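A short worksheet on the structure shown next.
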Amino acid sequence: MIVAGGSGKRFGSKKQFLELKGIPVLRRAASCFTAQPSVDRIVVVVPEEDLTQAQEIFSGMGKKLIITKGGRTRQESTLNGLRITQKSTTVLIHDGVRPFVSSSLIMRVIEGLTGFDASIPAIEVSDTLKEVCEGIIVKTIPRQGLYQVQTPQAFRTEALMAAHEAALQEGIFDVTDDSALMEKAGRAMRIVQGDPLNIKITFKDDISLAEAILSCHTVLG
C-alpha cells in the first residue's frame, strides 16, 4: 500500500505529485514495487480530489493497481487502504514520497516478518541529538539504541487491522506511523537494516537531493 494522502500544507504543494526528471514522485515510489514477484497488487491512497490525477499518473503501470481515497489523517488514509487489502495475509505500507526503494530493502522487510507481526526498516542514529525548546537547548539525548524508521514497513495484515481498530476504540486518531500502533497493541516487531538512499521528500531541499540521487543512478547505470 502506497499512502499518499497528504495535503502538502507545510511544503507548499502536494509533494507526491511533484516531478523528478519528468516522472511524478508518487509513480516513482509505486514503480519500486511493480517488479517484485512477491507483490500481488498495489493499493494507492490519495486525497479524494486527486483521484482523477492519480489515474492518469498510473496509466500503463502493468501490475494490478487500485487507487482509493484517503482520509483526514495518515492514520485514516491507511485504514481506508487496509479495508481493501485485509484479505491479504501480509501488507507493506510505504510513504508515497519515498521514491528510491531498492529491491533488496523490500525483500529484507518481507523476510524479516518470519516469526514476527511487523518488520520495520531503520537506520541507527549516528548524529548527536539535542532536545530543544523555543530555540534553547534543554539537554543532549543519548543516541545509543536510537534508530530512524523508514518505510516500507511489513505487517501481518490481520494484526495491523486489529491495531487500527483498537486505536479507534480508544479515541486515537492521529498516529503517523503504523508500527507505533502495533507497539501500543503489544505486537512482536523487529528492526531490519534500512537504506540511506531511501530518503523521504519532506522539505524543498530534499528535491535537490533526490535529483542528485537520480543523476548518480543514471551515471552508474
Give me a count of the residues in region 8-20 that are surrounded by 11 or more Cβ atoms within 10 Å (Cβ to Cβ) and either modelled with pLDDT under 85 or in a loop (DSSP other than H, G, I, E, B) (or both).
5
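Here's the yes/no breakdown for (1) surrounded by 16 or more Cβ atoms within 10 Å (Cβ to Cβ); (2) within 24 Å of residue 103 (Cα to Cα); (3) not β-branched (Val, Ile, Thr):
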position	(1), (2), (3)
34	no, yes, no
40	no, yes, yes
43	yes, yes, no
55	no, no, yes
61	no, yes, yes
69	yes, no, yes
75	yes, no, yes
Could you grab me the full set of residues in region 169-180 that are in contact (Cβ under 8 Å) with a residue 40 or more places away in the chain and in a helix (DSSP H, G or I)?
178, 179
Which listed residue is acidic (Asp, Glu) and in contact with a Ser or Thr (Cβ under 6 Å, 6 or more places away or on another chain), from 95, 40
95
Looking for whichever is at negative phi and in contact with a His (Cβ under 7 Å, 6 or more places away or on another chain) here; the options are 51, 82. Which one fits?
82
Please enumerate the residues belonging to region 179-218 that are of a type in the set (Ser, Thr, Tyr) and either within 19 Å of residue 148 (Cα to Cα) or surrounded by 15 or more Cβ atoms within 10 Å (Cβ to Cβ) (or both).
179, 202
Please determine, by comparing only the residues of region 134-146 that are part of a strand (DSSP E or B) and of a type outside the set (Lys, Arg), which one is nearest to the chain's Cα centre (by Cα).
141
Mind checking which residues of region 147-157 are under 26 Å from residue 89 (Cβ atoms), assigned to a strand (DSSP E or B) and either out of contact with any strand residue (DSSP E or B) (no Cβ under 7 Å at 6 or more places or on another chain) or not charged (D, E, K, R) (or both)?
149, 153, 154, 155
Could you list, in sequence order, all residues of region 158-168 that are of a type outside the set (Gly, Ala, Ser) and either assigned to a loop (DSSP other than H, G, I, E, B) or surrounded by fewer than 16 Cβ atoms within 10 Å (Cβ to Cβ) (or both)?
158, 165, 168
Keeping to region 77-133, report how many residues are acidic (Asp, Glu), at pLDDT 95 or above, surrounded by fewer than 20 Cβ atoms within 10 Å (Cβ to Cβ) and outside any strand (DSSP E or B).
1
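The values are calculated or read from the model by the stated rules, or taken from the named source; none is laboratory data. Keep in mind that what you see is a predicted model, and the values were worked out from it rather than measured. FYI the Cβ positions are ideal-geometry reconstructions off the backbone, even for glycines, and counts take in every protein chain you see.
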